[in-house]
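**Student:** For reference, the structure I am asking about is given below.
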Amino acid sequence: MAKKYDFRPDKSRNTLLSHLILTPLQRKNVLKWGLYALCLVIISVVQDVLLCRVRIFGATTELVPCAIFLICILEGAQNSCIFALIASLLYLFSGTAPGPYSMVAITFLSIGVCVLRQVFLQASFPAAMLCVGGAMLVYVLVNFFFGLFLGLTLFARFHGFLITAVLSLLITPVFYPLFKSICAIGGQSWKA
């Protein structure tokens with residue numbers, strides 16, 4: 001004889017999170033890297049829609065590489081190597097990167113300044129800005145020389161590339177508090 005229930009059993013709640021077995025730390029890491037990606041998308045839109053129209057001495061800003069450098073410096077070399085590669089690849093596919101060489105330049109410069117900061121400098125705002133400034137200067141010079149080699153620019157435009165690096169570096173401190181707070185999500189795990 002079959003049992004009769006006085007009430008219906010609860011529906012099973014199958015959500016995406018119930019199928020993904022993630023620890024709280026892993027969820028926080030997903031949130032952190034997702035927020036970084038969202039910030040980069042917003043910065044890219046602001047750069048391409050608003051700031052591309054503002055020209056100072058014939059130059060404009062390049063905020064996406066500065067943001068990638070800053071995120072990598074704050075996260076450290078071990079955590080940010082893959083992020084630098086993926087972010088620079090997406091920057092290339094967005095159509096705003098100067099060329100395919102910029103993906104390689106951003107990735108290697110990000111890793112280089114992370115290692116440089118971790119080995120020789122303390123984790124601080126001036127050290128981060130110094131590393132971002134140096135990486136941005138080298139990145140702009142790489143873009144200039146590749147553009148010169150490919151016939152896309154003239155040597156007379158050299159000062160415009162340097163102004164681009166300076167303008168981008170002047171805007172970068174605005175991102176520092178935001179990225180520093182996102183970096184704190186999930187706790188500090190042996191970051192120097």
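The values are calculated or read from the model by the stated rules, or taken from the named source; none is laboratory data. Everything quoted here is computed from the prediction, not taken from an experiment. What goes into the accessible areas is simple: the full protein's heavy atoms, side chains included, and nothing from ligands, DNA or RNA. Shrake-Rupley method; radii C 1.70, N 1.55, O 1.52, S 1.80 Å.
**Student:** With θ set to phi - 60°, apply the Karplus curve 6.51 cos²θ - 1.76 cosθ + 1.60 along segment 132-145 and write out the HN-Hα couplings as whole Hz, x wherever there is a Gly or Pro.
**Tutor:** 5, x, x, 5, 5, 5, 5, 4, 5, 5, 4, 4, 5, 6
**Student:** Using a 1.4 angstrom probe with every protein chain in place, what is the largest-first accessible-area order of Phe125, Phe57?
**Tutor:** Working: Phe125 85, Phe57 160 Å².
Descending order: Phe57, Phe125.
**Student:** Quick one: compute the contact order of the chain, relative version, from alpha carbon pairs under 8 angstrom and 6+ residues apart, as a percent.
**Tutor:** Averaging sequence separation for qualifying contacts and normalising by length gives 27 percent for the chain.
**Student:** At a 1.4 Å probe radius, which order do Phe158, Phe108, Phe144 fall into by accessible area, largest first? Could you put the intermediate results ahead of the total?
**Tutor:** Details: Phe158 65, Phe108 145, Phe144 0 Å².
Largest to smallest exposure gives the sequence Phe108, Phe158, Phe144.
**Student:** Right, something else. Between Ile171, Ile111, Ile68, find the one with the highest GNM mean-square fluctuation for the chain; connect C-alpha pairs within less than 10 Å.
**Tutor:** Ile171
**Student:** Another one. Which whole-Hz couplings ³J(HN,Hα) result when phi for each residue of segment 101-117 is put into the Karplus expression 6.51 cos²θ - 1.76 cosθ + 1.60, θ = phi - 60°, listed in order with x for Gly and Pro?
**Tutor:** Rounded to whole hertz, the list is 5, 5, 5, 5, 4, 5, 5, 6, 5, 4, 5, x, 6, 5, 5, 4, 5.
**Student:** Additional query: Helix-derived [θ] at 222 nm for the chain: sum -39500 (n - 2.57) over DSSP H runs of at least 4, divide by residue count, nearest 500? Working shown, then result.
**Tutor:** Numbers: 8 runs with 128 residues, N = 192.
Using -39500 (n - 2.57) per qualifying helix, the result is -22000 deg cm²/dmol.
**Student:** Rolling a 1.4 angstrom probe over the protein chains, ignoring ligands and nucleic acids, what is the accessible area of Tyr91 in square angstrom, nearest 10?
**Tutor:** 20 Å²
**Student:** Moving on. Between segment 155-179 and segment 94-136, how far is it from one alpha carbon centroid to the other, in angstrom?
**Tutor:** Taking the Cα centre of segment 94-136 as reference, the centre of segment 155-179 is 13 Å away.
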